[in-house]
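The structure under discussion appears below in the form of structure tokens.
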Amino acid sequence: MPPAPVTLRRLGPADLSRMRALNALFGEAFGEPGTYGDAPPDDAYLADVLGREHVVVLAALADGEVVGGLVAYAFDKLERARREIYIYDLAVRADQRRRGIATALIGQVRGIAADQGAWVIFVQADHGDDPAIALYGALGTREEVLHFDITP
């Protein structure tokens, strides 16, 4: 039997159960179930964040089930009147990979970025994550940077 067709949906305040399913998928895909599931935000917080224009959450659905998704954030710049979009999380369930879902999710973000006047979309990949590096390399220009986590 062929796999179910996939549709993409931008999640909003009414999509709490889909967002929770997407967080569970991220936890599994990234090997960090605690990060994405141990202290979930309450419904009011989640609905508020999902309603913000600068927060882009896309879910890939097959038979109504979340099989992939993406979370991105838009940053308004001050040196010019423009915006950048950062793809923070992107994952596709293991049994749904190699179907073009991640590429379709990024394509959807490209359209949103164009509508919002963004001049660039950026994303990071970890050394050793060869599938992500190959995907992003096929879609954009690679830059070598250093990333630092600074504790508040």
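The values are calculated or read from the model by the stated rules, or taken from the named source; none is laboratory data. Keep in mind that this is a model prediction, so the values were computed, not measured. Cβ coordinates were reconstructed from backbone atoms using ideal geometry, including for glycine residues, and neighbour counts include every protein chain displayed.
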* To do: Determine, yes or no, whether Tyr73 is farther than 23 Å from Pro3 by Cα, at pLDDT 95 or above and within 12 Å of the chain's Cα centre (by Cα).
  => yes
* Determine which single condition Gly100 fails, assuming it passes every other condition in (1) closer than 14 Å to Val6 by Cβ; (2) in contact with a Phe, Trp or Tyr (Cβ under 8 Å, 6 or more places away or on another chain). => (2)
* **Condition met for Asp89 (in contact with a His (Cβ under 9 Å, 6 or more places away or on another chain) and under 28 Å from Val120 (Cα atoms))** => no
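Examine the range 84-91 for a residue that is more than 12 Å from the chain's Cα centre (by Cα), of a type outside the set (Val, Ile, Thr) and in a helix (DSSP H, G or I), and state whether such a residue exists.
Going through the range 84-91, the residues more than 12 Å from the chain's Cα centre (by Cα) turn out to be 84.
Now drop any that are not of a type outside the set (Val, Ile, Thr), which leaves 84.
Remaining after also requiring in a helix (DSSP H, G or I): none.
So far as the range 84-91 goes, no, none of its residues is more than 12 Å from the chain's Cα centre (by Cα), of a type outside the set (Val, Ile, Thr) and in a helix (DSSP H, G or I).
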* So Arg99 fits all but one of (1) in a strand (DSSP E or B); (2) over 10 Å from the mean Cα position of the chain (by Cα); what number is the exception? -> (1)
* Asked: For the range 5-36, how many residues meet the condition of being over 17 Å from the mean Cα position of the chain (by Cα) and farther than 16 Å from Ala102 by Cα?
  -> 2
